[in-house]
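Trainee: My questions all concern the structure below.
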Amino acid sequence: MDDLPPSLVTGEETAPVKEKVDDYQKKVPITVVTGYLGSGKSTLLNYVATQREKKIAIILNEFGDSADIERSLTVQEGGDNKEEKIYEEWLELDNGCLCCTVKDSGVVAIEKLMEKRGKFDYILLETTGIADPGPIASMFWLDDALASTIYLDGIVCVLDAESVIERLDDNHEGNELTTTSVQISHADVILLNKCDRIKDNKELDHIKNRIRGINALATIVETTYSRVPSLSTILDLGAYDGTTIDEEKLREHSHGYHDSRITTVSKTFPTVTKEQQERVERWLQNVLWEKELSGHPVDVHRTKGRLVRKEDGRVSVIQGVRETYEIIDTPDVVQSADEQYSKIVMIGKGLSQQILDDGFRW
C-alpha cells in the first residue's frame, strides 16, 4: 500500500462554485501553529486563550513547549503489554475558549472536539517544536471525517529572531534540510518573535531576507512576546480556500537571499485551454508524486497557483501541501489584460528557477 500514489483531492465537478464557497462557511476553520522549541508558541497561545473576540478551541501537543497553558488533565492506564489509553479532559475557560492536551497529531482529539461543535468558532492546533507540519496539513484533506467538519485555514510559524539563523545554518555543508527551514517552507504567516532583542536593523533585514529566500509567499510579522497586532494576523487567513498569489511578495523574492537547499520558484504562462489545463495537471502530478523535475530530484513542500481559462476568463486556484493538491474553481473572472495569465509557485527542496523553466510542460 505504501507504493500506491497519493490520492488526488477533487471536488464535485458538477457542483456550482457558490455551493463550494458556502461549504467552507459551514465548516470550522483550523490553524496549525508550528515553530522550534523556545520560539514563543506557548506565549502566543496564552495570548490567544485570553482574548474575547472568538471562542477558540486550543489543542496542545504534550511534547511541545506549552507547559504554561496546559490546564487540562491527561490520565494514562495500562502497563507492559497493555494498550495505553489516553483520556483528555476539555477545560472550558471563562472567555468561552476550550483547552486540551494530546500525545499525538491530534486527530482523535479533533474528532472528539467536533462533538462539542457550536461551543467554539475556531480551532488552533499546536505541533511539537520538532514537527514537520506538512503531513499534519495534508491530514485535513485526506481524512474524510475531518474534511467534512473542518477546513485548514492556514499555517503559522513562530521563529526566535535571535536563533533562527543558527537554526537555518545547522548542517549547512551537509545540504540537509533543518527542521526550521521545513517549518518556514509550509508557513502562510511567520511571526518573527523576540525582535526587541535585535538592535541592528541591518541584522534584522538579513534575517528577513533569509526567511524570504525560503518562502517568498509568507507574510512576516515582527513580534515581541508573540503579541500580534490583532487576531486577524493569524486567524481567518483563507490560505487554502482559493485565494490568489501575492505578486508583490514574488517580486521581493527576486531580490532576496536564496537558500541552496530550499527556496521559492515560480512560472508564469498564458491563459490555458481545457486540454492545456489537463496537461498542466498531469505535469504537476508527476512532479509532486515522482519527486523529479528536469532529471533532478525535488521535494515540493508547498504549491500555489492560478489557471485562467482561455475560453471564458474563469480562474481556478491550485493549493497543495507535499503530494496532496487541490484545484479549486473560483467565481473570479479576469477583467483586464494584465490579469490574463496563469502561474504556478513552488516552495521546496532541490528547486531552482532554471530547473523549473526547463521542466515545465503545458
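Trainee: Taking 41 Å as R0, compute the FRET efficiency from the Cβ-Cβ separation of LYS202 and TYR341 and round it to 0.05.
Mentor: The pair LYS202/TYR341 has a calculated efficiency of 0.70.
Trainee: Over all distinct alpha-carbon pairs, what is the Kirkwood Rh of the stretch 305-356 in angstrom?
Mentor: Here the Kirkwood hydrodynamic radius works out to 12.4 Å.
Trainee: Right, here's the next one. Where only protein heavy atoms count, and the probe is 1.4 Å, what is the accessible area per residue for the stretch 252-359 in Å²?
Mentor: Using a 1.4 Å probe on heavy atoms only, each residue of the stretch 252-359 averages 43 Å².
Trainee: What is the spin-label model distance, in nm, from GLU166 to GLN285 if the labels are put 7 Å beyond Cα along the C-beta direction?
Mentor: 4.7 nm
Trainee: For the stretch 252-359, give the share of DSSP beta bridges that are antiparallel, in percent and rounded to the nearest 5; count only bridges with both residues there.
Mentor: 95 percent
Trainee: Another one. Just how many % of Cα pairs in the stretch 252-359 lie over 24 Å apart, if you round to the nearest whole percent?
Mentor: 25 percent
Trainee: Holding the Cα-Cα limit at 23 Å, pick out from LYS26/LYS119; LYS26/LYS274; LYS27/LYS54; LYS27/LYS119; LYS304/LYS349 the pairs that are longer than that.
Mentor: Pairs exceeding 23 Å: LYS26/LYS274.
Trainee: Accessible area of the stretch 252-359 with a 1.4 Å probe: how many percent of it is carbon plus sulfur?
Mentor: Using a 1.4 Å probe with all protein chains present, the stretch 252-359 comes out at 44 percent carbon and sulfur.
The values are calculated or read from the model by the stated rules, or taken from the named source; none is laboratory data. Every value quoted in this text rests on a predicted model; they were computed, and no experiment measured them. Methodologically, a virtual Cβ is constructed for each residue, glycine included, from the backbone with ideal geometry; neighbour enumeration extends over all protein chains shown. These area figures cover heavy atoms from the full protein model, side chains too; ligands, DNA and RNA do not enter into them. Shrake-Rupley method; radii C 1.70, N 1.55, O 1.52, S 1.80 Å.
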